[in-house]
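Note sheet for the following structure.
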Amino acid sequence: MQKKLILDSDLLNITVSRLCHELIENHRDFTDTVIIGMQPRGIYLADHIHRNLEKILKRSIPLGYLDATFHRDDFRRREIPVKPNENRIPFIIEGKNVVLVDDVLFTGRTIRAALDAMIAFGRPAKVELLVLIDRKYNRELPVAADYVGKYVNTLASQRVLVELQAQGHKHNKIWLINKD
Amino acid sequence: MSKLSQKHLLGIKDITREDIELIFETADNFKEVINRPIKKIPALRDVTIANIFFENSTRTRLSFELAEKRLSADVVNFSASTSSVKKGETLLDTVNNILAMKVDMVVMRHASPGAPHYLSRHIKANIVNAGDGTHEHPTQALLDAFSIREKLGSVSGKKIAIIGDILHSRVALSNIFALQKLGAKIMVCGPPTLLPKFIGQLGVQVEHDVMKALQWCDVANVLRIQLERQQIKYFPSLREYSLYYGITKKMLDGLKKEIVIMHPGPINRGVELSSDAADSEHAIILDQVENGVAVRMAVLYLLAGATA
């Protein structure tokens, strides 16, 4: 198994702070904007971005977690069902600008399910997508991210491994793994 | 990633503690879903479920039907009283005819103990036992244990008394299996004629004095006298039963401790439970009903998901 480092801790911090500034560019003081992290792994990045934004803007910004498990299109097509996680959306998303945050954009199917799941909490005015890693050439649906940490050219057989300290790892490192 | 160890839910006896915990964790998510303004999710969109009830039911059937509809499954209902069973069709023929119409799951209630187990050996669809005679009623036990976990934080180490007609109760047997697997201590209490002779062999304490049972327990699960299953007289009169075994608010207040009162319904007010006790702050009877939908959604979701 070959491992290649895509992002290390220092670069990750620079990337996250760039993403934050890009968000501020478009959403200014975040009056009508909320951040929603995708369960299970996007929530760590959402936390990180949320923390940075609150520090820069010196105001509180609504943060929620969304789980799209029950809206997936591969239910009964997998060997084992995906385990659901908690939905925590303690605000109304009706009429709000939503920034959806996930760690890796791959086939786009999770995002499709997330858009479906979100409707149960109201009709947002606008939805944007922020991802840390965009795996190019692997999309199965017409989904594109508005904010991207890093584009990576990958094969479908490869895997992107995100290790964050917030998830209990020793370091912040993002790897590309060849399965052979 | 998560999967039950069984293809069917026939009884609590066949499933593991891990299965029960997985069902509870999944039910937590569904409880959040059914408390949203938009309660429907598309998870079981391409699944067809037949509710086959050879015995009467309102609560269980409604609860299953709501759970199925919240999950977006297609639902067909069947009750024996209005069907060809009256014309002499066998159980297996009836079910095979329903399955020929491409049904994926069967929720079944039957008066004969073991009927769903028999079916499970002959058909491919997933079966959920919604009560088989005096044997098991697994989803009721799961929602009871889920409600105890919700109210008291956990089931492990808690003292639970099951009071009433144990002999004719499928709820009692499933409850004993479920709560023991989760680490609770169990006592059964009732007149000697309404307790199975060798129930002590299941590792439960046996008590005939209802006051002693109430003093001992953290949770009292009160069962109905199942007159429809009693072919002979097990006690002189309902009035006398109520005098010795009926639970009143005065008794509960006299205990001077926190106690949780549960009842699987339907309640015979004034017989096993007085009206003021059933409506008191001790009772979580309506929470049980709410949790029933979430727990049944979890069971259907986990069984349906594992078939692919």
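For this structure, a couple of remarks:
- The sole residue among B:LEU227, B:LEU243 that is touching a helix residue (DSSP H, G or I) at 6+ places or on another chain (Cβ under 9 Å) and at pLDDT below 95 is B:LEU227.
- Residues that are surrounded by fewer than 19 Cβ atoms within 10 Å (Cβ to Cβ), free of Cβ contacts under 8 Å to residues at least 40 places away in the same chain, assigned to a loop (DSSP other than H, G, I, E, B) and more than 14 Å from chain A (Cβ to nearest Cβ) within segment B:257-308 comprise B:LYS257, B:GLY270, B:ASP279, B:SER280, B:GLU281, listed in sequence order.
- Test result for B:GLU228, free of Cβ contacts under 8 Å to residues at least 60 places away in the same chain and of a type in the set (Asp, Glu): yes
- If you go through segment B:190-241 and keep only what is aromatic (Phe, Trp, Tyr), out of contact with any Lys or Arg (no Cβ under 9 Å at 6 or more places or on another chain) and more than 24 Å from B:LYS13 (Cα to Cα), you end up with B:TYR234, B:PHE235, B:TYR241.
- Boolean, A:ASP47 is over 22 Å from A:LEU19 (Cβ atoms) and under 15 Å from the mean Cα position of the chain (by Cα): no
- Contacts under 9 angstrom Cβ, first residue in segment A:57-78 being free of Cβ contacts under 8 Å to residues at least 12 places away in the same chain, partner of a type in the set (Ser, Thr, Tyr), 6 or more apart: A:PHE75/A:THR69; A:PHE75/B:TYR301; A:ARG76/B:THR307
- Restricting attention to segment B:187-205, the residues that are closer than 22 Å to B:TYR241 by Cβ, in contact (Cβ under 8 Å) with a residue 12 or more places away in the chain and outside any helix (DSSP H, G or I) total 9.
- Scanning segment B:57-72 for residues that are charged (D, E, K, R) and closer than 25 Å to A:ARG72 by Cα turns up B:GLU65, B:GLU68, B:LYS69, B:ARG70.
- One residue stands out among those in segment B:138-167 that are assigned to a loop (DSSP other than H, G, I, E, B) and within 16 Å of the chain's Cα centre (by Cα): the one that is surrounded by the most Cβ atoms within 10 Å (Cβ to Cβ), which is B:GLY164.
- Residue in segment B:31-47 that is away from chain A (no Cβ under 11 Å) and surrounded by 21 or more Cβ atoms within 10 Å (Cβ to Cβ) present: no
- When segment B:48-83 is limited to residues that are aliphatic (A, V, I, L, M) and part of a helix (DSSP H, G or I), the one that is nearest to the other protein chains (Cβ to nearest Cβ) turns out to be B:ALA67.
- Search result, residues across segment A:65-84 that are among the hydroxyl-bearing types (Ser, Thr, Tyr) and within 9 Å of chain B (Cβ to nearest Cβ): A:THR69
Condition check ((1) at pLDDT 95 or above; (2) within 13 Å of another protein chain (Cβ to nearest Cβ)) across all residues:
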site	(1), (2)
A:ARG41	no, no
A:HIS48	no, no
A:GLU86	no, yes
A:VAL104	no, no
A:ILE119	no, yes
A:VAL127	yes, no
A:TYR147	yes, no
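- Residues satisfying the stated conditions in segment B:37-78, i.e. free of Cβ contacts under 8 Å to residues at least 24 places away in the same chain and charged (D, E, K, R): B:ASP46, B:GLU65
- Residues of segment A:4-59 satisfying the condition of being surrounded by 12 or more Cβ atoms within 10 Å (Cβ to Cβ) and of a type in the set (Lys, Arg): A:ARG18, A:ARG41, A:ARG51
- Selection within segment B:16-26 - more than 10 Å from chain A (Cβ to nearest Cβ) and in a helix (DSSP H, G or I): B:ARG17, B:GLU18, B:ASP19, B:ILE20, B:GLU21, B:ILE23, B:PHE24
- The number of residues in segment A:95-117 being surrounded by fewer than 20 Cβ atoms within 10 Å (Cβ to Cβ) and basic (Lys, Arg) comes to 2.
- Residues (surrounded by fewer than 16 Cβ atoms within 10 Å (Cβ to Cβ) and outside any helix (DSSP H, G or I)) located in segment B:207-228: B:HIS208, B:ASP209
- Test: B:ILE12 is farther than 28 Å from A:ARG88 by Cα, away from chain A (no Cβ under 14 Å) and buried (at least 21 other Cβ atoms within 10 Å of the Cβ): yes
- Test: B:HIS137 is at pLDDT 95 or above and at negative phi: yes
- Residue in segment A:91-98 that is closer than 28 Å to A:LEU5 by Cα, under 13 Å from the mean Cα position of the chain (by Cα) and modelled with pLDDT of 95 or more present: no
- Of the residues making up segment A:105-153, those that are assigned to a loop (DSSP other than H, G, I, E, B) and of a type in the set (D, E, K, R) are A:ARG123, A:ARG139, A:GLU140, A:ASP146.
- Of all residues in segment A:54-64, at least one satisfies being within 14 Å of chain B (Cβ to nearest Cβ) and either at positive phi or not in a helix (DSSP H, G or I) (or both).
- Of all the residues in segment A:15-35, those that are closer than 19 Å to A:GLY95 by Cα and in contact with a His (Cβ under 9 Å, 6 or more places away or on another chain) number 2.
The values are calculated or read from the model by the stated rules, or taken from the named source; none is laboratory data. Just so it is clear, the structure is predicted and the values come from calculations on it, not from any experiment. Please note: Cβ atoms are built from the backbone with ideal geometry, for glycine as well, and neighbour counts cover all protein chains shown.
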